[in-house]
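Please treat every number below as a calculation from the coordinates, not as lab data. None of the values given here were measured: they were computed from a predicted structure. As a convention, Cβ positions derive from the backbone with ideal geometry for all residues, glycine included, and neighbour counts pool all protein chains shown.
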Amino acid sequence: MRIIEFTERQKKIIEIVKENEPITSEQIANLLKVTRATLRPDLAVLTMTGMLDARPKVGYLYSGNKPINLISEEIHRIKVSDIKSMPIVVEEQTNLYDAIVTLFLEDVGTIFVTANNYLVGAVSRKDFLRTIMGGTDVNKVPVGLIMTRMPNIVMTYPDETALEAAIKIIDHQVDSLPVVEKTLVDGREFFKVVGKVSKTNMTRLFVELGKQ
């Protein structure tokens, strides 16, 4: 986690507030012999990071919170269920031609493959390209023959954090993860695809947090 570095003036403001709380911005400005306008950016930084607490008609109080990276805090709090999007799914017996058409029409990098509504594999653009270059008849071969099969699929769950999902994407060098819910059938584990989390989801999350 990256710690915010305060300027010398911001450190002086913190000490002044500690010793004189509650204290107004005008009083702080007088003690530092600067204008209130000069202090506004510093006070904004100190309140946003939680070092100071600003109360209307009262003034500034020292909160004692350690400065933190706000984006890091949010990404630890946000769950996969908050950012997941609609998965693109085909059945295992779908031929390669139809699967490729689906891939491009939906503009995704990975398609998840199911059998009896449960996840059995995943196939990416690279998998399709490799197969086409090998001269395979895409109208006759089912997608199940070229997919990466379970249990070699990296998955994420609705209650995992966005950070945990992002780490999986980076560590396993994949474009997206299926978001799954686990089900037990006759003592065996099966996984139903309820969403996906991709690099695009992560980028969108980062942008939204930055705007906040």
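Quick notes on this one:
- Near-label residues of region 161-192 by backbone N, under 13 Å of a point 7 Å along Cα→Cβ of Lys199: 169-177
- Here the label points at Thr136 and Gln173, each 7 Å from Cα along the C-beta direction, are separated by 2.1 nm in the simple model.
- Relative contact order [Cα under 8 Å, 6+ residues apart], region 75-211, whole percent: 30 percent
- Cβ-placed point charges (K, R +1; D, E -1), dipole of the chain about Cα centre in debye, nearest 20: 640 debye
- Positive-end ranking of Thr183, Leu46, Thr110 along the dipole of the chain, with charges on Cβ about the Cα centre, is headed by Leu46.
- Farthest towards the positive end of the charge dipole of the chain, among the residues Ile23, Ile146, Val120, is the Cα of Ile23, using unit charges on the Cβ of Lys, Arg, Asp and Glu.
- Modelled spin-label separation between Ala54 and Tyr118, with each label point placed 7 Å from Cα along the Cα-to-Cβ direction: 5.6 nm.
- Using the Cβ-Cβ distance between Arg40 and His76 with R0 = 41 Å, the FRET efficiency computed as 1/(1 + (r/R0)^6) comes to roughly 0.85.
- Of Gln10, Asn95, Ser85, farthest towards positive along the dipole that unit charges on Lys, Arg, Asp, Glu beta carbons give the chain: Gln10
- Residue of Asn30, Asn95, Asn201 that the Gaussian network model of the chain assigns the largest fluctuation, springs spanning Cα pairs under 10 Å: Asn30
- Zone of Lys192's modelled label, taken as backbone nitrogen in region 95-126 under 16 Å from a point 7 Å along Cα→Cβ: 114-120
- Unsatisfied cross-links (Cα-Cα over 26 Å) in the set Lys12/Lys211; Lys79/Lys192; Lys84/Lys182: Lys12/Lys211
- Cα pair distances in region 1-147, grouped into 10 Å bins until the bin that holds the longest one, percent each: 10, 27, 13, 9, 10, 14, 13, 4, 0
- Here is how the number arises for the chain: DSSP H runs of 4 or more residues each give -39500 (n - 2.57), the sum is divided by the residue count, and the result at 222 nm is -12500 deg cm²/dmol.
- Gain on full stretching of the segment that runs from Leu31 to Glu164 - 0.36 nm per residue minus C-alpha separation: 43.2 nm
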